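These notes concern the structure reproduced below.
The values are calculated or read from the model by the stated rules, or taken from the named source; none is laboratory data. What you see is a predicted model, and the numbers here were worked out from it, not measured in a lab. Using ideal geometry, Cβ is built from the backbone for each residue, glycine included, and neighbour counts are taken over all protein chains shown.
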Amino acid sequence: MANLDSRIPPGPLADKWRKHKADIKLVNPANKRKYEVIVVGAGLAGSSAASSLADMGYRVKSIVFHDSPRRAHSIAAQGGINAAKNYQNDGDSVHRLFYDTIKGGDYRAREANVHRLAEVSVNIIDQCVAQGVPFAREYGGLLANRSFGGAQVSRTFYARGQTGQQLLLGAYSALSRTVGQGLVELITQHEMVDLVVVDGHAKGVITRDLVTGQLHRHAADAVILATGGYGNVFNLSTYARGSNTTAIWRAYKRGACFGNPCYTQIHPTCIPVSGDYQSKLTLMSESLRNDGRIWVPKRKEDCGKDPNTIPDEDRDYFLERIYPSFGNLAPRDVSSRAAKRMCDEGRGVGETGLGVYLDFSHAIKRLGEAGVRERYGNLFDIYHEITNENAYRTPMRIYPAVHYTMGGLWVDYNLMSNVPGLFVLGEANFSDHGANRLGASALMQGLADGYFVIPYTIGDYLAGQKPGSRPSTDAPAFRQAEENVASQVARLLGAKGREPVNHYHRRLGQLMWTHCGMARTRAGLEQAIQEIGALREEFWRNVSVPGSAGSLNQALERAGRVADFIELGELMCRDALTREESCGGHFREEHQYPDGECKRDDTNFAHVAAWEFQGEGKVPLRNVEPLHYEAVKMSVRSYK
Amino acid sequence: MVASTSSKLISVTLRVWRQEGPAAEGRFVEYKAANLNPNMSLLEMLDVVNDDLERRGEDPIAFAHDCREGICGTCSLMIDGKPHGPHRGVASCQTYMRSFEDGAVITLEPFRARPFPVQKDLICDRSAFDRIQQAGGFITARAGSACDANAIPVPKGAADLAMDAAQCIGCGACVAACKNSSAMLFVAAKVSHLGLLPQGQAERDRRVLGMVSTMDEAGFGNCSNQYECSAACPKLISHDFIARMNRDYLAASVRSVFQAESQAAGGGA
């Protein structure tokens, strides 16, 4: 049984973080340089953590599998970043952002963590502006805002449709500065392939040099994983092709608990699937829902018609109809399921019938084409490149797609996992979004964790570690971990089967989308667990991975990642199966209200499920961390 | 999933640069790719070709890619001699098979420049770009030290222009397009982005001097004003920024000669 002490500080919610910072142990400046911290991943969370810790005086090693830290997938976030600045004078506050996030997460996130996130959100904007992030501005030179799903205030800061890019380049610039100053050792094109645990503490990692194939041992006083989400378990998603679960999965197999793996976010506004060769789905920013109106034809027989010929009275603006107070800005999980219901009724549009319209004709009448172009021009361009259609003339077609994973490694209030010395930041942890994440909150969490949380909380652990006590890389745990990796690589290369890695990734993705996607059932999940088990067996027997271990071998990289996705997929299904309720992105058909909305079971499931590895082929252990709500009252989430 | 049925399938022949490693000799190898949906992306076509190679136990074509939506800057193909292919303002991953005729022969090579050595097949090493950023592509602002974000108003025009420059995805197409392998568009974009903002003024001179000298050390050539870089840039970043950087560089060079420097040592109580 894992020790799941959340270490939430005592006292009133609004004072917890301030008090915790005052109570936390400090490391004296002369000792900081004696500690080495490994940061794996260099997206928003990883880059900001690495540069902040280096500025404080710690020795930092930043390890990324990309050829440059600037490639991390944070770069693709489009819409914006939330902060409780209340620059619009529309009544926003830390409490409102906290409340919206808790409610948006369907009362399955930890109050104390979310309140801290809302508190530091204001510092993030200050920090980014100081770094030169070119946020959108008004003519007076002050910062502009827009509204986003799940909120009734305008608190989202943005840089055209490339907010993630600009925030990541800001964090990358800080990381580059510290690398240039010799404070951070940057190691690119290295993939973390195992966590090294010595006497119960995380004390290093094994990496594979993706260019030479060599395995390397790295020792440290603490390890930070900021390696992103695992949505590519579905094969088709809005993630980058390289995004993977390997770092956190291998940490899980070394004892770190995996929190709420079944909580996945299906984003409502993505370009629909067009063919079975497809490698990824492209998101159309949720910000489009500010000015675009979502509809399907009222009558099935109109679905094949040119949308411009269907008059307004024959269109069903279903989000505005079902959720009048939030309309097109209903949260992502709610909007996605509504779109699915319309398509299930046979009123979907496009060649596959799996699509709904996102229509800008009203916005163009109101703002002019130039006005719409200024706000969303690059998104319309992306849409045109992919579909060859002009969305200024004819409505976009969109459909939900996998976009984010709220689940991740379990962490306490200090962002430390149940393995001491192992910290997990950003999307890789489970902590802040509950069962559903609101738009523009992922960027906020990544930077909050890296700039404003870990710099304080890591000291609480390191102060208890003797300076200079980190183990040598000759220690048996390092040798054993390296041998473990080498033998897995040899097995993959030795299978010499008949099917390429992608074949298994596609089949896994189809299984997951069918049974563990937008709607889940007991029978479907049980079937999926069986089928994934069979798929796993077949994969190891019949996968074809050409080439050698000692070279740049992309097939081998993919094989290792897909092997981990297969195991993770099974765990996700187990988690979804045991969570006998619907909440946020987790929708069990057995648990719904007559109108198709989520039916939570707060009596039995107001908790985090933290899964603990029990050994190969054994059923993992489901630990529970109860969630207590003091500041907010748990209620049925309504956006009507 | 339903395959698209409305479009006529096409077939193409690929001439692909294969090179086992940095020191190995490279060569073109031909592959046939048949029955392709024209709505498939070029990289998805390579996935299909690679799946076939892997099925036969042959080494797949190594190519750099990640986000597949034109923002991460990882993909880096010379497609029929053009960085990122036939279309303006897109990356390799945003090139679709409908851009090619049925029966076309498509030549795929890595970006070619001395500072971008080939690692394998179509993948080259662009770490020189990171080194240039490390030499000055930042505004020093430690976490925790910032003032309120609205304390410094930035005129909308300056912010918009800075954003135009900041859009650079660091792919290196500008270098690949240039006969001199110049990286000036890349460097100018970062110098201009930060130099246009009030926050960027304190380090403006150090930045441009540091980045340009690192660029030169890495072996990138000079600009001879033909602007192939802008034409090939997937974000269509304007070559006007190069002129801006040159002005900054000149001013900084002059100032660095004449500016008085404090002689005081550090320390104190």
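Only one of A:Gln127, A:Gln78 is at pLDDT below 95 and either within 14 Å of chain B (Cβ to nearest Cβ) or more than 20 Å from A:Ile454 (Cβ to Cβ) (or both). Can you tell me which?
Criteria check complete, one pass: A:Gln78.
Cβ-Cβ below 8 Å, separation at least six or inter-chain, first residue in segment A:363-381 and under 15 Å from A:Gln162 (Cβ atoms), second among the charged types (D, E, K, R): which pairs?
A:Arg375/A:Asp291; A:Tyr376/A:Asp291; A:Gly377/A:Arg160; A:Asn378/A:Arg160; A:Phe380/A:Arg373
When you go through B:Cys93, B:Cys72 one by one, which is the residue that is assigned to a helix (DSSP H, G or I), of a type outside the set (D, E, K, R), buried (at least 19 other Cβ atoms within 10 Å of the Cβ) and within 11 Å of chain A (Cβ to nearest Cβ)?
B:Cys93
Considering only segment A:99-110, state which residues are under 19 Å from the mean Cα position of the chain (by Cα) and not in a loop (DSSP other than H, G, I, E, B).
Selection gives A:Asp100, A:Thr101, A:Ile102, A:Lys103, A:Gly104.
Could you tell me whether segment A:198-221 includes any residue that is away from chain B (no Cβ under 14 Å) and free of Cβ contacts under 8 Å to residues at least 12 places away in the same chain?
Within segment A:198-221 (the criterion being away from chain B (no Cβ under 14 Å) and free of Cβ contacts under 8 Å to residues at least 12 places away in the same chain), the answer is yes, since at least one residue qualifies.
Yes/no matrix, rows are residues, columns are (1) under 21 Å from A:His403 (Cβ atoms); (2) outside any helix (DSSP H, G or I):
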{"residue": "A:Trp513", "(1), (2)": "yes, no"}
{"residue": "A:Gln527", "(1), (2)": "no, no"}
{"residue": "A:Ile532", "(1), (2)": "no, no"}
{"residue": "A:Val545", "(1), (2)": "no, yes"}
{"residue": "A:Ala549", "(1), (2)": "no, yes"}
{"residue": "A:Ala563", "(1), (2)": "no, no"}
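Would segment A:480-496 turn up any residue that is surrounded by fewer than 21 Cβ atoms within 10 Å (Cβ to Cβ) and outside any helix (DSSP H, G or I)?
yes
Quick check on my filter: what residues within segment A:29-60 are surrounded by fewer than 24 Cβ atoms within 10 Å (Cβ to Cβ) and either touching a Leu at 6+ places or on another chain (Cβ under 9 Å) or free of Cβ contacts under 8 Å to residues at least 40 places away in the same chain (or both)?
Residues satisfying the conditions are A:Pro29, A:Ala30, A:Asn31, A:Lys32, A:Arg33, A:Asp55, A:Gly57, A:Arg59.
Kindly indicate whether any position in segment A:246-263 is within 24 Å of A:Leu425 (Cβ to Cβ), surrounded by 20 or more Cβ atoms within 10 Å (Cβ to Cβ) and within 14 Å of chain B (Cβ to nearest Cβ).
no
Tell me which residues, restricted to segment A:44-71, are more than 11 Å from chain B (Cβ to nearest Cβ) and part of a loop (DSSP other than H, G, I, E, B).
Answer for segment A:44-71, where residues must be more than 11 Å from chain B (Cβ to nearest Cβ) and part of a loop (DSSP other than H, G, I, E, B): A:Gly57, A:Tyr58.
Quick one: is A:Gln152 within 14 Å of another protein chain (Cβ to nearest Cβ) and either closer than 30 Å to A:Arg289 by Cβ or touching a Ser or Thr at 6+ places or on another chain (Cβ under 8 Å) (or both)?
no
Here are some conditions: (1) closer than 25 Å to A:Asp432 by Cα; (2) within 14 Å of chain B (Cβ to nearest Cβ); (3) surrounded by fewer than 22 Cβ atoms within 10 Å (Cβ to Cβ). A:Asp90 meets all but one. Which one does it not meet?
The single condition A:Asp90 does not satisfy is (2).
Output the residues belonging to segment A:93-141 that are of a type in the set (Asp, Glu) and either buried (at least 24 other Cβ atoms within 10 Å of the Cβ) or farther than 16 Å from A:Lys16 by Cβ (or both).
A:Asp100, A:Asp106, A:Asp126, A:Glu138
Cβ-Cβ under 7 Å, sequence separation 6+ or interchain: first residue in segment A:570-591 and in contact (Cβ under 8 Å) with a residue 12 or more places away in the chain and farther than 17 Å from A:Pro626 by Cβ, partner among the acidic types (Asp, Glu) and surrounded by 24 or more Cβ atoms within 10 Å (Cβ to Cβ). Which pairs?
As it stands, the answer is A:Gly584/A:Asp106; A:Gly584/A:Asp333; A:Gly585/A:Asp333, since those pairs meet every condition given.
State yes or no: is A:Glu286 surrounded by fewer than 21 Cβ atoms within 10 Å (Cβ to Cβ) and charged (D, E, K, R)?
no
State all residues of segment B:130-161 that are surrounded by 23 or more Cβ atoms within 10 Å (Cβ to Cβ), in a helix (DSSP H, G or I) and more than 7 Å from every other protein chain (Cβ to nearest Cβ); if no residue qualifies, say none.
B:Ile132 - this is the single residue of segment B:130-161 that is surrounded by 23 or more Cβ atoms within 10 Å (Cβ to Cβ), in a helix (DSSP H, G or I) and more than 7 Å from every other protein chain (Cβ to nearest Cβ).
Quick check: is even one residue across segment A:593-611 acidic (Asp, Glu), within 26 Å of the chain's Cα centre (by Cα), farther than 27 Å from A:Ala401 by Cα and in a strand (DSSP E or B)?
So far as segment A:593-611 goes, no, none of its residues is acidic (Asp, Glu), within 26 Å of the chain's Cα centre (by Cα), farther than 27 Å from A:Ala401 by Cα and in a strand (DSSP E or B).
Please specify each residue of segment B:96-111 satisfying the condition of being away from chain A (no Cβ under 12 Å) and either touching an Asp or Glu at 6+ places or on another chain (Cβ under 8 Å) or on the phi > 0 side of the Ramachandran plot (or both).
B:Gly103, B:Ile106, B:Thr107, B:Pro110
Taking segment A:520-539 as the region of interest, how many residues are more than 17 Å from A:Asp575 (Cβ to Cβ), in contact (Cβ under 8 Å) with a residue 24 or more places away in the chain and surrounded by fewer than 17 Cβ atoms within 10 Å (Cβ to Cβ)?
The total comes to 1.
Counting only residues that are surrounded by fewer than 22 Cβ atoms within 10 Å (Cβ to Cβ) and outside any loop (DSSP other than H, G, I, E, B), which one in segment B:53-69 is nearest to the chain's Cα centre (by Cα)?
Ranking the candidates gives B:Leu53 first.
Which of the residues belonging to segment B:112-129 are within 12 Å of chain A (Cβ to nearest Cβ) and either crowded, with 22+ Cβ neighbours inside 10 Å or not in a loop (DSSP other than H, G, I, E, B) (or both)?
B:Phe116, B:Val118, B:Gln119, B:Lys120, B:Asp121, B:Leu122, B:Ile123, B:Cys124, B:Arg126, B:Ser127, B:Ala128, B:Phe129
Quick one: in segment B:162-193, of everything that is at the interface with chain A (Cβ under 9 Å from one of its Cβ atoms) and over 15 Å from A:Ala136 (Cα atoms), which residue is surrounded by the fewest Cβ atoms within 10 Å (Cβ to Cβ)?
B:Gly170
Within segment A:137-158, restricting attention to residues that are touching a Leu at 6+ places or on another chain (Cβ under 8 Å) and at pLDDT 95 or above, which residue is farthest from B:Val191 (Cα to Cα)?
Taking the candidates together, the pick is A:Arg155.
So, A:Ser6, is that one of a type outside the set (Lys, Arg) and either in a helix (DSSP H, G or I) or under 19 Å from B:Arg131 (Cα atoms) (or both) or not?
No: the conditions fail for A:Ser6.
Among A:Gln162, A:Gln166, which is of a type in the set (S, T, N, Q), within 9 Å of chain B (Cβ to nearest Cβ), buried (at least 24 other Cβ atoms within 10 Å of the Cβ) and touching a residue at least 40 places away in the same chain (Cβ under 8 Å)?
A:Gln162
Quick one: count up the residues across segment A:465-521 that are out of contact with any strand residue (DSSP E or B) (no Cβ under 9 Å at 6 or more places or on another chain), over 26 Å from A:Leu195 (Cα atoms) and away from every other protein chain (no Cβ under 14 Å).
1
Any residue at all in segment A:19-35 that is in contact with a Phe, Trp or Tyr (Cβ under 6 Å, 6 or more places away or on another chain) and among the small types (Gly, Ala, Ser)?
No, segment A:19-35 has no match at all.
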